[in-house]
């Protein structure tokens, strides 16, 4: 069995001092170069999680190929059974697996992700290295062709000019991958599980606010207000700079908060670098010798998902709802600055660590999530995404709160910085609990109008039910019928 190790590597691609920090796959003979070439070719257009997924998928495929060396006559046949093993696992009913892989069955969505990653990798290798494809296209039936058209229409119906069919589409619709993933569970009108509003005050004061270190308590309360009162993602908050908070000219008791794109956002205070650049990436490099946090790896990395900005300076402006959350934030922010400013910091980020080992360094997502978990424990709760008690549950609570207040969906879209009106429909769908309450209310309207199946003149005792209809399974009447031979002994 070959030894494969996924790790991070700094790659030099030219004579400059810049290095690419990318995931790689190490074998006994060094870096697996075909995969590295593919990752580098996609570096500017793909995220780090995407790269990690491709490397992991390739690792699984190579392990399967090694465990079945020389067994398959065609690469496409090997790939077919590889996908089957992903779905069904490699362990028999007695717990044995001669291959040594010991894979457990994977969800359909996970298998489809792996399959998609490998399709992209192998297609690229076919074009650039002239290798044989593992998952070729083949002609499909008329039924599958109609499904292909339906799939294409669904993906493009909301795109500008999406109704115009591109040249060559007909030929494409008549083809499909030889190996396709399973159909996943259809998710329709999914419920945006939001943080319980009735729990928020207790959590804010007695959970977050009861941290032993007052500095940590205020820091976490500020982050919580950004998520719950302004709808930010937890990762968004850690990109905030001290210069991004301004006094609200319309309300001196509140503040305006802007979150800038971590790379392309405008640098503060009209800063212009030596090369006449004014982006945050240039500012970080020239002043602090840092790179934006969304380009880091490991625990220091903080992602950025927002693509819609509110201004040419590449920032999104937050909207407090209810508006008094902005006043609470302003009050706590002034206190927080008194703790922050004396610290020695080699960065501009607002939220920092107060632990002895990393005092003054930018707060990590792991550290925040641990504090969040501890705060929930202080109010006798645990983190539960399915019940909304998670950092992202506050963004859902913000969106649902706006929807319940009757705010126009266009304004909700703007406040959440979604690219499409469809994106926030999840917040306007009735929750599972709301549907249950509606059924309970409707049931009360039926009181006194019994269904015919439950008329009072119908005998519903167990003995009456067993009197007839069991001749095929109890022909001798041992347990059923009007006079069963084996009666339940009377007490």
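Hey, fewest Cβ within 10 Å first, where do 316, 216 land in order?
Details: 316 23, 216 20.
Ordered by Cβ neighbours within 10 Å, fewest first: 216, 316.
Taking square-rooted eigenvalues a ≥ b ≥ c of the alpha carbon gyration tensor, is region 329-375 rounded, prolate or oblate, where a/c under 1.5 means rounded and, failing that, a/b exceeding b/c means prolate? The shape class here is oblate. By the count of neighbouring beta-carbon atoms within 10 Å, fewest first, 12, 395 end up ordered 12, 395.
Approximating the spin labels as points 7 Å out from Cα along Cα→Cβ, the residue 137-to-residue 109 distance works out to 2.9 nm. Potential lengthening of the chain between residue 380 and residue 13 amounts to 126.9 nm, from the contour at 0.36 nm per residue minus the alpha-carbon distance. Site pair residue 276 and residue 344 shows an inter-label distance of 3.8 nm when each label is modelled 7 Å from Cα along Cα→Cβ. Computed over all pairs of different Cα atoms, the Kirkwood value for the hydrodynamic radius of region 280-439 is 18.8 Å. Across region 197-428, the relative contact order, built from alpha-carbon pairs under 8 Å that are at least six residues apart, equals 27 percent.
Can you classify region 5-135 as rounded, prolate or oblate using the Cα gyration tensor, where a ≥ b ≥ c are the square roots of its eigenvalues, rounded means a/c under 1.5, and otherwise it's prolate if a/b beats b/c and oblate if not? Cα axes put region 5-135 in the prolate bin.
Gain on full extension, evaluated as 0.36 nm per residue between residue 46 and residue 93 minus their Cα-Cα distance, stands at 12.9 nm.
If the chain linking residue 419 and residue 128 were pulled fully straight, counting 0.36 nm for each residue of separation and taking away their Cα-Cα distance, it would gain 101.3 nm.
Here, each number is a calculation from the coordinates, and none is a lab measurement. Predicted model, so just to flag it, every value in this text is computed and none were measured. FYI the Cβ positions are ideal-geometry reconstructions off the backbone, even for glycines, and counts take in every protein chain you see.
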